Amino acid sequence: MHTRFEIDLSQIPFSRAFSYMALSKLPENWRGYGNNEGIFLKNISGSAPDPLIAEITFGSEDVQKDEIEHVCMENTVLSLESVKIKYECVFADKETLLIRTDGKSSGMTLDFITESGPYDYIYELKNNGINCFVANCYKNNCSYVMWAQKGRICLDQKWEEQSSLYSKLHVSGEDGFFLVIKEVVSEWDRVCQVYDFDMCALKIDREFFDFADKYPKLPDEYRETALLAAYVNWSAYVSRRGFLTRNAMLMSKNHMCSIWSWDNCFNALALSYFNPEAAWEQYMIIFDVQDASGRIPDSINDSNIIWNYCKPPIHGWTLKKLMLNMDISRERLEEVFEKLEKHTLWWMNYRDFDKNGLYEYCHGNDSGWDNSTVFAAEPPIEAPDLQAFLVIQMETLADICDKLGIIEKSVKWRTESKELLKRFVENNFYDNMPAAYQSSTRNMVKNESLLPYMCLILGERLPQDCRIKMIEQLKVKGFLTEYGFATENPASAYYRSDGYWRGPIWAPSTVLLLDGLAECGEYELAKTAAERFIKMAKKSGFAENYDALTGEGLRDRAYSWTASSFFILAREYL
């Protein structure tokens, strides 16, 4: 298979599965790092105090800069094309990036930005007759060894006491060059392997297309979009390291270089249709770091775990879907039951502050809807979605017990689920509409957020009058735009086009709400919204979220749970 499409490196980083390196085009002073605008090699490990490894400029050090006019992907090869020269990049493996030109005089400079911090420098050594250059990048908590398989490298560096004031490598060749860049976390094996660029490209192409083929198939009009979605997800993977006990699909290698503990559920669900082993890996990775109380963290990466917040308990809902989509062995059901039960008990034991049998978020971040107007009041907040998710999670625990033949616990969790549903309906609905309450005062939180509607995920478990009223409001209040469901009513005084959870369309809220609508028998409405979201993704890519009125992509522009949700919606509604 051969594909070629334009790619914007300022939106979608160039990387490969399991690598901690990526190429991106960054604006000036990106995230306060003081950089120039340009193309940068990045280290996306959580251990890197500064993710910028080196700025890459094209052209020889003694000639005018070679301006890149076209950037495209040819399968898994990145091509950067100027008027005269084509620079090609491919990852030979997760630690090794190859860059070449061919047949023409050309050059390239890597500026390792050593002025941004102490102790960074480059040293040169001969290894079996090959001139090698090792960049000791303290700012990245890593080193990089480089050699020219074709052409030459010239070190341009000024040393002062403990580090270099600047360190640059100029790569050039009269008939092209071939540069090898290898990541070294601790020690280099001193092997200068000879690489065949084209064979490396064929090997990685096979790996990518094998991964892409295991996603749901879409109509021909979305073929290129589906490949891009698969690339976003495949390239977002990093290998197991540190706190990551399994190969992990990060949310992005742009800005959000971690896993948040509900984002992974959508990635797992998209994989579950045809790639069950990968789905299980992504679902379980958060539970691998569950603490003794049953709590799972807000987010993890290879070097950091954030415990200050949590995320909504959609894990039971997700597992219910996984059990429908794939075979899960008895051994795995036993493992996940213990972890999911502990997680559910954590909510029951630690997030019912007023002991009324209804559960609270301590912050908007806990809900995943960080700044939703539901959290305009001081927390803790008793939110409708939380009760609904836990009803389903308890029900899922009972379902697993049925499969395992644990009758006593099955009865216990089914009873808990029904009793929570009863308390929820009796205490968290006003005029047949779901309401959020401030836990300490029992004051209702006035809002025009889409968040309370997430409880539609309960489907026919909810009273008919409540379902009818909620669906009617969704249809008439203006939440549904040309592109999907806005997270804050566009008529709200608090609506903002780029307001994070106060307006933009998000993938997870879309998947959850549409599942609820389908459960309520509103399949055509769900299908309409799904089609709008899918068309928006074709137009605007796989952004963290989207302007609800224009469909423009916002924030991080290569977000894996958005790509995964694209596949989920296509599978369920197209």
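Every helix of 4 or more DSSP H residues in the chain counts as -39500 (n - 2.57), and over all residues that averages to -10500 deg cm²/dmol at 222 nm. Between 0 and 90 degrees, the angle of helix 197-212 with respect to the longest Cα principal axis of the chain falls at about 0 degrees. Global dimensions of the chain from alpha-carbon coordinates: Rg and Dmax equal 25.6, 81 Å. Extension gain for residue 162 to residue 289 (0.36 nm times residue separation, less C-alpha to C-alpha distance): 41.8 nm. Peptides 373-385, 232-244 ranked from most to least packed give 373-385, 232-244, packing being the mean of other C-beta atoms within 10 angstrom over each peptide's residues. Any idea how far the Cα center of region 247-306 sits from the one of region 23-37, in Å? With region 247-306 and region 23-37 each reduced to a Cα centre, they are spaced 28 Å. Counting 0.36 nm for each residue step from residue 324 to residue 431 and taking away their Cα separation leaves a gain of 35.0 nm. Residue 216 sits among other residues whose Cβ lies under 12 Å from its own Cβ, and their net charge, with Lys and Arg +1 and Asp and Glu -1, is +1.
Taking a sphere under 11 Å around the Cβ of residue 371 and counting the other residues whose Cβ falls inside, with K and R at +1 and D and E at -1, yields a net charge of 0. Between residue 67 and residue 102, the FRET efficiency estimated from the beta carbon spacing at R0 = 22 angstrom works out to 0.70. Expressed as a fraction of 2.2 N^0.38 Å, the C-alpha radius of gyration for region 4-206 is 0.96.
So if each residue of separation counts as 0.36 nm, and I subtract the Cα-Cα distance between residue 210 and residue 190, what length gain in nm does that give?
Gain on stretching residue 210 to residue 190: 4.0 nm.
The HN-Hα couplings worked out from phi for region 516-529 by the Karplus form 6.51 cos²θ - 1.76 cosθ + 1.60 (θ = phi - 60°) are x, 4, 5, 5, 8, x, 8, 5, 5, 5, 4, 5, 4, 5 Hz, whole numbers, x standing for Gly and Pro.
Using the beta-carbon distance between residue 482 and residue 224 and R0 = 25 Å, what value does 1/(1 + (r/R0)^6) give for FRET efficiency, to the nearest 0.05? Efficiency for this residue pair is about 0.65.
Using the Karplus relation 6.51 cos²θ - 1.76 cosθ + 1.60 with θ = phi - 60°, the per-residue 3J(HN,Hα) values for region 429-442 come to 10, 9, 6, 6, 10, x, 10, 9, 10, 6, 4, 6, 10, 6 Hz, with x marking Gly and Pro.
Taking neighbour counts of Cβ atoms within 10 Å as a proxy for exposure, in what order, fewest first, do 274, 542 appear?
Taking fewest neighbouring Cβ atoms as first place, the list is 274, 542.
Taking amide H as placed 1.01 Å from N in the peptide plane, residue 163 has its amide H under 5 Å from the amide H of 119, each at least 5 places away in sequence or on another chain. Other residues with beta-carbon under 12 Å from the beta-carbon of residue 441 carry, at +1 per Lys or Arg and -1 per Asp or Glu, a net charge of -2. By other beta-carbon atoms within 10 Å, ranking 372, 417 with the fewest at the front produces 417, 372.
Comparing Cα centroids, region 150-223 and region 388-464 end up 51 angstrom apart.
Computed from the coordinates by the stated procedures, all read-outs in this text should not be read as laboratory data. Values in this document were obtained by computation on a predicted structure and should not be read as measured data. Neighbour counts run over all protein chains shown; Cβ positions are idealised from the backbone, glycine included.
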